[in-house]
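Single-structure report; data block below.
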Amino acid sequence: MDYTYLDHAATTPVRSEVQKVLADTMSQTFGNASSIHSSGQDAKRILEESRERVASCIGAATDELIFTSGGTESDNFAIGGTAYALKDKGNHIITTAIEHHAVLNCCKAIEEEGFEVSYVPVDSECLVDPARIAEAIRPETILITVMAANNETGAVQPIAEIGAIAGANGAVLHTDAVQAVGKIPVNVEDLGVDLLSISGHKIYGPKGIGALYVRKGTSLRPLLYGGHHESSLRPGTENVPGIAAFAKAVELAVEELTESEKSLRSLKEKLASGISERIQAVHRNGSKEKSLPNILSISFEGVDGESLLLNLDLLGFAVSTGSACTSGATDPSHVLLAMGLSPQLAQSSIRFSFGRDNTEVHVDRLLEVLPDTVTRLRELSAIRLRD
C-alpha cells in the first residue's frame with residue numbers, strides 16, 4: 001500500500017541535498033568551533049558562513065542570529081530572556097490565545113515569577129486584530145509575542161501592523177515564525193520585529209536545530225550559563241553539522257518559495273473544494289485568503305477527529321488532529337476553541353498539511369476514501385449515541 005504523508009506542519013523529511021551537507025560536515029569538519037587549531041577553525045568558518053546564509057534569507061545582519069536547538073528553545077529564549085532583561089522597566093507581556101505551547105507555557109511559567117500576561121483573543125478566522133493589541137498595551141508593557149502563522153489553521157497574522165504598534169509604544173516584538181519561514185516571504189525589516197524564531201525540521205532540515213533572530217540593541221538575558229558561545233547568549237558547543245544542514249535547508253526553501261507556494265496552495269484548495277463537494281456538514285477553520293499555502297484545517301461534524309486520523313492512517317494517509325506537540329491530549333484544541341468553535345466541533349477537526357513531494361494524485365486518492373470513511377464513522381457515532 002502506498003503511504004501518503006500529509007502532516008508536514010508537524011515535521012518534514014530531510015531532503016537529500018541537506019542530508020549530504022549534514023553527512024559531509026559530520027565526517028569532514030568535526031572540530032570544535034571554539035578550538036584555535038586548524039580543525040577547529042574549519043568548523044568555525046562553516047559556522048559563520050552558515051550564520052550569514054540563514055541571516056540573509058530573512059533580511060537580517062549576520063551578527064543578529066543566534067543558533068538554538070529549535071523553535072521551542074527560540075521561543076523560550078525570546079520570551080524569558082526579554083522578560084528578565086527588562087524586568088526593571090516593566091512586567092507586562094502581551095500574547096494571543098492561539099500561540100504554540102512553546103509560547104503559552106513559557107508565558108504561564110513567568111507569570112509565576114511575577115510577570116503579568118494579557119492573552120488577546122482572535123476572531124472566527126483565527127486572526128488577531130492589531131487594534132486589540134494596541135488596547136492591551138500599558139506603560140509597563142515590555143514584550144509583545146504573536147506568531148507569524150498559526151500551526152493548526154495556517155492563519156497568517158498581521159505582524160507588520162503589530163510591529164508598528166510595538167515600535168510606537170517602546171515594546172519589544174517577538175514572532176514565532178516556525179511555520180512561516182520557507183512558506184511565505186519573511187523579512188525582519190518588513191515585519192518590524194525585534195525577535196524571530198525559526199526551526200529546521202519544518203523546512204526539510206534536521207531536527208534539533210533552529211535559530212533566534214535578535215535585532216541589534218535588543219536586551220536579552222541568557223537562560224543557560226556556560227561558555228562564550230553565540231555571543232555569550234547561548235552557551236554550549238555548537239552543532240556545526242546541524243547548523244550547516246539547517247542553512248542549506250533555509251536557502252533551498254527560500255529559493256524555491258515562489259514556485260512551492262503556488263503548488264502547495266493549489267493542492268490545498270483542490271482538497272478543500274473536493275471535501276466541500278463530496279461531504280456534507282464540514283467546516284473550514286481559519287482564513288482562506290490570509291493563510292499559509294500548505295495548511296488546511298477541516299471540522300467534520302459528528303466525527304471524532306482521532307478516530308478519523310487512525311482510519312486514514314490504516315488507509316495510507318498521515319494527517320493530524322492539530323499540533324503535534326499536543327498529540328495524545330484529550331482536550332479540544334485551544335486554537336479552535338479561541339476561534340469560537342464548540343468543544344465537539346473542535347474535536348472533530350483534522351489538519352492536512354502539504355509538502356514538496358505531494359501531488360494531485362495524492363489528493364485524488366484521499367478524496368476517493370475520505371467520504372466513505374466519514375460516513376461510516378458518523379454512522380458508528382450515531383449508533384453509540386442511541387445506545
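Placing unit charges on C-beta atoms (Lys and Arg positive, Asp and Glu negative, everything else neutral), compute the dipole magnitude of the chain about its Cα centre in debye, rounded to 20. Mind showing how you got there, number by number?
Values: 34 positive and 51 negative charges, 37 e Å.
With only Lys, Arg, Asp and Glu charged at Cβ, the dipole is about 180 debye.
Calculate the spin-label point distance for Ala23 paired with Met1, positioning each point 7 Å from the Cα along the beta-carbon direction, and give it in nanometres.
3.1
Sorted by average packing, counted as other Cβ atoms within 10 angstrom per residue and highest first, what order do 83-89, 107-113 take?
Packing proxy ranking, top to bottom: 83-89, 107-113.
Quote the relative contact order of the chain in percent (integer), defining contacts as alpha-carbon pairs under 8 Å separated by 6+ residues.
RCO, the chain: 23 percent.
From the alpha carbon gyration tensor of region 16-255, can you work out the equivalent ellipsoid semi-axes (sqrt of 5 times each eigenvalue) and give them in Å, largest to smallest? Walk me through the numbers on the way to the answer.
Values: eigenvalues 197, 78, 39 Å².
Its equivalent ellipsoid spans semi-axes of 31, 20, 14 Å.
Treating only the Cα positions of region 33-87 as identical point scatterers, give the base-10 log of I(q)/I(0) from the Debye formula at each q in 0.28, 0.30 Å⁻¹.
Evaluating at q = 0.28, 0.30 Å⁻¹ gives log10 I(q)/I(0) of -1.02, -1.05.
Give the lysines reachable from Lys20 as a straight Cα distance under 27 Å; neighbours fewer than 8 places away on the same chain don't count.
Qualifying lysines at Cα under 27 Å: Lys44, Lys183, Lys202, Lys207, Lys248.
Calculate the spin-label point distance for Lys108 paired with Arg45, positioning each point 7 Å from the Cα along the beta-carbon direction, and give it in nanometres.
Going from the Arg45 label point to the Lys108 one covers 4.9 nm.
As I understand it, the value is the acute angle between the Cα axis of helix 38-57 and the longest principal axis of the Cα atoms of the chain; what does it come to in degrees, rounded to 10?
50
On a C-alpha basis, how far is the centre of region 265-309 from the centre of region 55-106 in Å? Whole number, if you could?
Computed from Cα coordinates, the inter-centre distance equals 31 Å.
May I ask which residue of Gln347, Ile142, Val18 lies farthest towards the positive end of the charge dipole of the chain, with charges of +1 (Lys, Arg) and -1 (Asp, Glu) on Cβ and the Cα centre as origin?
Comparing the listed Cα positions along the dipole, Val18 ranks first.
Which values of log₁₀ I(q)/I(0), to two decimal places, follow from the Debye formula for region 246-382 at q = 0.11, 0.17, 0.22 Å⁻¹ with a uniform point scatterer at every Cα?
Taking Cα atoms of region 246-382 as identical point scatterers yields -0.41, -0.96, -1.46.
What number comes out for the charge environment of Val303, summing +1 per Lys or Arg and -1 per Asp or Glu over other residues with Cβ under 11 Å away?
Summing Lys/Arg as +1 and Asp/Glu as -1 gives -2.
No lab work stands behind these numbers, since they all come straight from the coordinates. What you see is a predicted model, and the numbers here were worked out from it, not measured in a lab. When we count neighbours, we look across all protein chains shown, and the Cβ atoms used for this are built from the backbone with ideal geometry, even at glycine.
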